[in-house]
Structure formats: C-alpha cells, structure tokens
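The values are calculated or read from the model by the stated rules, or taken from the named source; none is laboratory data. Values in this document were obtained by computation on a predicted structure and should not be read as measured data. When we count neighbours, we look across all protein chains shown, and the Cβ atoms used for this are built from the backbone with ideal geometry, even at glycine.
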Amino acid sequence: MITLYGIPNCDTVKKARAWLSEHAVPYQFHDFKKQGVPPAQLDVWLQAVGWETLVNRKGTMWRKLDAAAQTAVVDAASARALVLTQASIIKRPVVEWMDGAVSVGFKPEAFARRCG
C-alpha cells in the first residue's frame, strides 16, 4: 500500500491525493497534524532523499523560524531534530511507494510513472 504523508489543508497534498483518487490508486494518508512524524520513518526519508530535499527551506514555516534556528540546520541530525518539533517544515507530500522508494513533492508525471 502506498502511504502519503502530509497535512490535509496543504494545496500540494490535496493535489496529490486528488490525483491518486482520480486514477483509482489505493493509498493510506498519514496526517502529520494528528499523527505526528514517525521517527523511524523520518530516518528512512532522510536516508532516501536527504535532509536538503526533505526540509522545505522555501516555505512559510521556514521563514517564520528565527535566523539562529535556520542556521542551526546543517546536517541530517539537526534537520531531524527540527522536523520532529516542527512537522510543517517538511516538504510535502512525502510518499512511500509500494516498492519502498520515497519521494517528496507532487508532480503528476512522476506519479504517473510510478503508478503506470
């Protein structure tokens, strides 16, 4: 089963969920707001895509951080610590595909290739 992680009111998550539903692709949704970020899965994501991809340094939550908090994120360990306290800093959606691959973000053509 595909697992899509995100926040329900995020526009990109909404688009990804709509795409999966429109293409009749079964998936389960993990809501960061209600269920939190699973630490074991976070470790898998960091290894699979890297902290630079996982941490959304262009988003609103990043801009709300003070400069000290931003400059403290320099590696996977510091990114992990931040993500566990600020789930909204994760670029969304994070998708765990049936083959174990992990992707971040939503591009219809990439989803089509994966679900093709």
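If I ask for residues that are touching a residue at least 40 places away in the same chain (Cβ under 8 Å) and not in a loop (DSSP other than H, G, I, E, B), which ones from region 36-58 would you list? Within region 36-58, Pro39, Gln41, Leu42, Val44, Trp45, Ala48, Val49, Thr53, Leu54 qualify. When region 66-88 is limited to residues that are assigned to a loop (DSSP other than H, G, I, E, B) and in contact (Cβ under 8 Å) with a residue 24 or more places away in the chain, the one that is surrounded by the fewest Cβ atoms within 10 Å (Cβ to Cβ) turns out to be Asp75. In this structure, does Arg114 turn out to be closer than 15 Å to Thr3 by Cα and of a type outside the set (A, V, I, L, M)? Yes, satisfied.
Selection of region 10-32 for residues being surrounded by fewer than 12 Cβ atoms within 10 Å (Cβ to Cβ) and closer than 21 Å to Leu82 by Cα yields an empty set.
Is it the case that Val25 is at pLDDT 95 or above and part of a loop (DSSP other than H, G, I, E, B)? Yes: the conditions hold for Val25.
Here's the yes/no breakdown for (1) out of contact with any helix residue (DSSP H, G or I) (no Cβ under 9 Å at 6 or more places or on another chain); (2) among the acidic types (Asp, Glu); (3) closer than 19 Å to Asn56 by Cβ:
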site: Ile2; (1), (2), (3): no, no, no
site: Ile7; (1), (2), (3): no, no, yes
site: Thr12; (1), (2), (3): yes, no, yes
site: Arg17; (1), (2), (3): yes, no, yes
site: Leu20; (1), (2), (3): no, no, no
site: Ala24; (1), (2), (3): yes, no, no
site: His30; (1), (2), (3): no, no, yes
site: Lys33; (1), (2), (3): no, no, yes
site: Leu42; (1), (2), (3): no, no, yes
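Please state which one of Val25, Val13 is β-branched (Val, Ile, Thr) and more than 12 Å from the chain's Cα centre (by Cα).
From the options Val25, Val13, the qualifying one is Val25.
Against the test of being over 12 Å from the mean Cα position of the chain (by Cα), part of a loop (DSSP other than H, G, I, E, B) and of a type outside the set (Asp, Glu), the options Met61, Met98 yield a single qualifying residue, Met98.
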